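J.: One structure coming up, written as structure tokens, with questions to follow.
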Amino acid sequence: MFLISDLLTILESYLEQEQVRKIYAAYLFSAEAHNGQSRLTGEPYIYHPIEVARILAEMHIDHTTIIAALLHDVLEDTDHSKRELTERFGSEVTELVDGVSKLTRIQMESPQQAQAENFRKMMLAMTRDIRVILIKLADRLHNMRTLDGLKSEKRRRIAQETLEIHVPIAHRLGMNKIAKELRELGFYNRYPMRARVLAEAVKQARGYRKEILETIEVSIRRRLLETEIEAEVSGREKHLYSVYKKMKDQQLPFSEIFDVYAFRILVPSVEACYQTLGIVHSIYKPVPGKFKDYIAIPKANGYQSLHTILFGPHGVPVEIQIRTQEMHLISEEGIAAHWDYKSSGEGSAASNINSTEKRARQWLQDLLDLQKNSGNSLEFLESVKIDLFPDEVYIFTPKGKIMEFPRGATALDFAYRIHTEIGNHAVAARINRKPAPLNTHLFNGQTVEITTSPDNTPHPGWLQFVTTGKARSNIRHFLKNLQQEEAIQLGEKLLLKALSGHNISKKRFKKLDLNPLLVQLQVDDLNALYNEIGMGRRMAELVSGSLIQCCLKSSPGNEDWNDSSKKVTRWRNPLSMLSPLLRRRLHGRNSDAKRPLMIQGAEGMVVHFAKCCRPIAGDPIIGHISSGKGLVIHRNECNNNASMQSHPEQWVSVEWSDYGGRDLPTEIRVEVANKRGVLAIIASTISEMDSNIDHVSMDDQDGRTNTLTFTLRVTDRKHLAAIMRKVRKLKPVSTIQRLKG
Ligand code: MN
């Protein structure tokens, strides 16, 4: 049993003697006041305030709060008055106790209303003095730890309330340690059966995991020992509730969620965090796209850490979190870690602590404003929920209607939610009246409007930044139709080009009766034929050959025919099969009839840009017709000579027309000195040059240098050259080159 003497020991470790003396006096007063009362568990009542004070003392909270914690039930449950408390302990303590008492004294007609009112009161109390909430959360935590004496119905109700109100508040304040324990206790008491079944499954699974867990831990420790980084490595087990929630939300089987091996590494400095990241990436291969840098970009509640996932032994996923001890403290205790209760938040020493506090203060200020604008508690609860449930985003329409979106949703998701047609013709958004692009991520409480234009239509790139199912399926549907249209156009162009190689002009082609050809090729109509050519399922050269045979033969007296038949023979000569561009090179001739196909880069559906060499506007290019895909544009320097020799008919000469297309991705490789922040410097330089970065990957070479590979979008070669010049001038950069593929 935890006694007052144990509490005093903790307090003496961080408070002055005079302060501890005052706390002891408060304890005596409270013990006297609660004398004769006992808890449902049977023990004397005073144990409860002592435990509440202990929870706060363990977070090294100031002495005024500890005094208020010891007295927190005095006004509510004993005869002592507010005035008496003020006389004995001063107004600061009394206000805190009063604040906590008001939170408990709520009676309402409906449970929803009571809950909403409770919530509103907690929020308001918090905006006046955050310490009221710290005491309230500690109070709730101890009550949750000691629910055993209650009937199951009541337990369930309290647990539900804890999950809905206290857990999100603790989480929003960054107090993850308390939030986690409240959530686990809430889960056990709200869903006792499920919790028991899950706990049993975890117990069994734990047996299998032990060995592999040790293997991983040992290899991480060994590698870290070789460096001079002082690191604490610990295995983490997923909490029951988070396993349950994932199973429920993502419909995944237990094994898939639980078979994740998670470790946390604490190191002394931010620099060591990034070094450690490099080290763990050298032990096991990182899973692409899973690295998250919450040090550079902290979460809304101030959380900072590096997250990465590795392919562990036997391919098991290994989750790693790397952070400093200080970041860890903040992640466990949130604002309670270093809250400066007296000041208004300026002039705190460490900047990241300061920013945690600033965020919390800003949030509280926002809550106050929100309160002013809400008519009643239910409405207020509705708006505050926005902040407390970070998986959902609530957005307002210009008419004030609220819509709920998954986190990560963009303005385009919003457009499709309003109406499919709005989505299909969306051009840009206005977020809180300011213009913003469609891929802008939405945040709580924003008002979003969509600008449309009848000429604007969905684009394959859109699929990369929508998250809602509705937007995704609508875009896909549209693109499928568009693809068909574009394939038809491209197919026509390719066929006309092939025919012009046989001296058949467009004008003449249009006059021909094509039915024999359609019958022979077994296609329904001309558009279907174009579509097949455009999609690369039929070669334009072969189709034009068939066309000459079955449509021109039947027109007697045709003078061109002889000429064309010669072409057919010559056509078997591989050299003549080469693209006009190559032929031009070989023979040094240029003929209008053999002009290359013009590529704008905007034909997104049937004209693709090769991933191997990533051509951008201005590059010398060549097109490859591949079955089912359409035309794939490569750079001339790309390694395609072999294919050109064996399948010359698949290659078409192409050139950029007046380029009006979108920015295209290309890759550059930058070698840099291994210094903290270097990625951020380069990334911001690139974005200052109006280029978007699609992807970055990092190879640690020898600890001193890093190779960064950026996939970035540029308008053309000039744009790329300008970016490379600028990046090359940066201090940590030693070399930079464009990748050839
Ligand atoms: Mn209490």
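The values are calculated or read from the model by the stated rules, or taken from the named source; none is laboratory data. Note that the structure is predicted; figures quoted are calculated from it, not measured. Here the Cβ positions follow ideal geometry from the backbone for every residue, glycine too, while neighbour counts run over all protein chains shown. Ligands, DNA and RNA are stripped out before the accessible areas are found, and what is left, the full protein with its side chains, is counted by its heavy atoms. Shrake-Rupley method; radii C 1.70, N 1.55, O 1.52, S 1.80 Å.
J.: If Glu332 meets every condition in (1) at pLDDT below 80; (2) part of a helix (DSSP H, G or I) apart from one, which number is that one?
T.: (1)
J.: Turning to a different aspect of this structure: Only one of Ile257, Ile265 is buried (at least 17 other Cβ atoms within 10 Å of the Cβ) and over 16 Å from the mean Cα position of the chain (by Cα). Can you tell me which?
T.: Ile265
J.: Here is a follow-up. So Asn474 passes all but one of these: (1) under 30 Å from Tyr416 (Cα atoms); (2) out of contact with any Phe, Trp or Tyr (no Cβ under 6 Å at 6 or more places or on another chain). Which condition number does it fail?
T.: The number of the failed condition is (2).
J.: Right, something else. In this structure, is Ile66 at pLDDT 90 or above and more than 14 Å from the ligand (Cβ to nearest atom)?
T.: yes
J.: Please indicate, with yes or no, whether at least one residue in the range 156-176 is open to solvent by less than 40 Å² (accessible area, probe 1.4 Å), within 16 Å of the ligand (Cβ to nearest atom), more than 33 Å from the chain's Cα centre (by Cα) and not charged (D, E, K, R).
T.: yes
J.: Next up: Restricting to the range 299-314, and then to whatever is of a type in the set (Ser, Thr, Tyr) and not in a strand (DSSP E or B), can you tell me which residue is most open to solvent (accessible area, probe 1.4 Å)?
T.: Tyr303
J.: Name the residues in the range 31-55 that are touching a residue at least 60 places away in the same chain (Cβ under 8 Å) and touching a Ser or Thr at 6+ places or on another chain (Cβ under 6 Å), would you?
T.: Answer for the range 31-55, where residues must be touching a residue at least 60 places away in the same chain (Cβ under 8 Å) and touching a Ser or Thr at 6+ places or on another chain (Cβ under 6 Å): just Thr41.
J.: Looking only at the range 246-268, how many residues end up being modelled with pLDDT under 90 and not in a helix (DSSP H, G or I)?
T.: Of the residues in that region, 7 qualify.
J.: Within the range 224-250, how many residues turn out to be within 23 Å of Gly278 (Cβ to Cβ) and buried (at least 16 other Cβ atoms within 10 Å of the Cβ)?
T.: Number satisfying all stated conditions: 4.
Residue-wise test of (1) modelled with pLDDT under 90; (2) part of a helix (DSSP H, G or I); (3) within 16 Å of the ligand (Cβ to nearest atom); (4) charged (D, E, K, R).
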site: Glu109; (1), (2), (3), (4): yes, no, no, yes
site: Ala114; (1), (2), (3), (4): yes, yes, no, no
site: Phe119; (1), (2), (3), (4): yes, yes, no, no
site: Met144; (1), (2), (3), (4): no, yes, yes, no
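J.: Look at Ile165 and say whether it is in the same structural domain as Pro298 (by TED's automatic domain parsing) and within 26 Å of Glu332 (Cα to Cα).
T.: Criteria not met by Ile165.
J.: Scanning for something in the same structural domain as Leu147 (by TED's automatic domain parsing), part of a loop (DSSP other than H, G, I, E, B) and within 16 Å of the ligand (Cβ to nearest atom), does the range 74-87 turn up at least one residue?
T.: yes
J.: Anything in the range 427-484 that is closer than 23 Å to Lys399 by Cβ and modelled with pLDDT under 80? List them, or say none.
T.: Answer for the range 427-484, where residues must be closer than 23 Å to Lys399 by Cβ and modelled with pLDDT under 80: Asn444, Gly445, Thr468, Lys470.
J.: Ok, one more. Taking the conditions exactly as written (more than 13 Å from the ligand (Cβ to nearest atom) and over 22 Å from Leu103 (Cα atoms)), does Ile61 satisfy them or not?
T.: No: the conditions fail for Ile61.
Residue by residue, here is whether (1) open to solvent by less than 20 Å² (accessible area, probe 1.4 Å); (2) at pLDDT 85 or above; (3) in contact with a Cys (Cβ under 6 Å, 6 or more places away or on another chain); (4) closer than 19 Å to Lys238 by Cβ holds:
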| residue | (1), (2), (3), (4) |
| --- | --- |
| Glu271 | no, yes, no, no |
| Gln275 | no, yes, no, no |
| Ser282 | no, yes, no, no |
| Pro288 | no, no, no, no |
| Phe291 | no, no, no, no |
| Ile297 | no, no, no, no |
| Val316 | no, no, no, yes |
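J.: For the structure I just gave you, tell me whether Val202 is part of a helix (DSSP H, G or I), surrounded by fewer than 15 Cβ atoms within 10 Å (Cβ to Cβ) and of a type in the set (Val, Ile, Thr).
T.: So Val202 fails the test.
J.: Something else: Does Leu85 satisfy being open to solvent by 30 Å² or more (accessible area, probe 1.4 Å) and either free of Cβ contacts under 8 Å to residues at least 40 places away in the same chain or in contact with a Ser or Thr (Cβ under 6 Å, 6 or more places away or on another chain) (or both)?
T.: So Leu85 does not fit the description; no.
J.: Could you list, in sequence order, the residues of the range 458-482 that are of a type outside the set (Phe, Trp, Tyr) and touching a strand residue (DSSP E or B) at 6+ places or on another chain (Cβ under 8 Å)?
T.: Hits for the range 458-482 are Val466, Thr467, Thr468.
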